[in-house]
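Only one structure is covered here, and it is reproduced in the block below.
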């Protein structure tokens, strides 16, 4: 508990136990596409505070990422869960999720534009200190926030939780202004050692301020209880890795927002 209050002091945040978490859906557009994101914040006061963009997994904006946005709001941040796919597009099976996610993985400029549209919505919120913004993402969302960084977005830091690390344009890493934190399952069969090595080489060559943490016995989706507990399936929840990665994110935020 002592560490928690110290962290709040470092980041310049203050959380009142009586504060109520507020949430609302926000409809916005990118080009001709209608998107619907999810905003979460606490109403303790009207003081501007850091904002955090949150990007969903391959199943689209759903309960899991909304919960993460609310967790961030309880920490004193304004969190906006962006919608990459479009309003109402929420695949509910692996085949559809893979097909829709593939559209954006194969069109990184479109992925970047969609992420940037969400970032602009976050910046428009009256409680957000636009000089202190970060972006985090899970799986597909981890890939997305790394692409947002490679696009040169003006954010303090990005955090990828068990995200894909590869990109068709590694040279774009020279555009990265943000500090980068990649949180990875050491036994993730979908993000193999050669992809990890290529990502690290990309960061080094571009002189990025980056960190990479690998969690033993963790596979893909290690932060999501909905992934089950069978590592042999390649995606499974790992309570230790979940808690440790969240703490790593908190420490990262303490550094970039101080």
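The values are calculated or read from the model by the stated rules, or taken from the named source; none is laboratory data. This one's a predicted model, so the numbers in the text were calculated from it and none came from an experiment. Glycine gets a Cβ as well: all are built from the backbone with ideal geometry, and neighbour counts include every protein chain shown.
Set side by side, the residues 231, 238 differ, and just one is surrounded by 16 or more Cβ atoms within 10 Å (Cβ to Cβ), at pLDDT 95 or above and more than 19 Å from residue 165 (Cβ to Cβ), which is 231. Looking only at the range 110-139, how many residues end up being touching a strand residue (DSSP E or B) at 6+ places or on another chain (Cβ under 7 Å) and in a helix (DSSP H, G or I)? Residues that pass the stated criteria total 9. Scanning the range 49-64 for residues that are farther than 19 Å from residue 112 by Cα, touching a helix residue (DSSP H, G or I) at 6+ places or on another chain (Cβ under 8 Å) and crowded, with 21+ Cβ neighbours inside 10 Å returns a single hit, 50.
Residue 186 meets all of the listed conditions (1) touching a strand residue (DSSP E or B) at 6+ places or on another chain (Cβ under 7 Å); (2) crowded, with 18+ Cβ neighbours inside 10 Å but one, namely (2). Scanning the range 73-104 for residues that are farther than 13 Å from residue 55 by Cβ and outside any loop (DSSP other than H, G, I, E, B) yields 73, 74, 78, 94, 95, 96, 97, 98, 99, 100, 102, 103. Where strands (runs of 3 or more DSSP E) fall wholly inside the range 140-237, the ranges with 2 or more residues that are without any contact (Cβ under 8 Å) to a residue 40 or more places away in the chain and under 15 Å from the mean Cα position of the chain (by Cα) are 157-161, 179-185. Does residue 89 fit the bill of being more than 17 Å from the chain's Cα centre (by Cα) and crowded, with 19+ Cβ neighbours inside 10 Å? It is false that residue 89 is more than 17 Å from the chain's Cα centre (by Cα) and crowded, with 19+ Cβ neighbours inside 10 Å.
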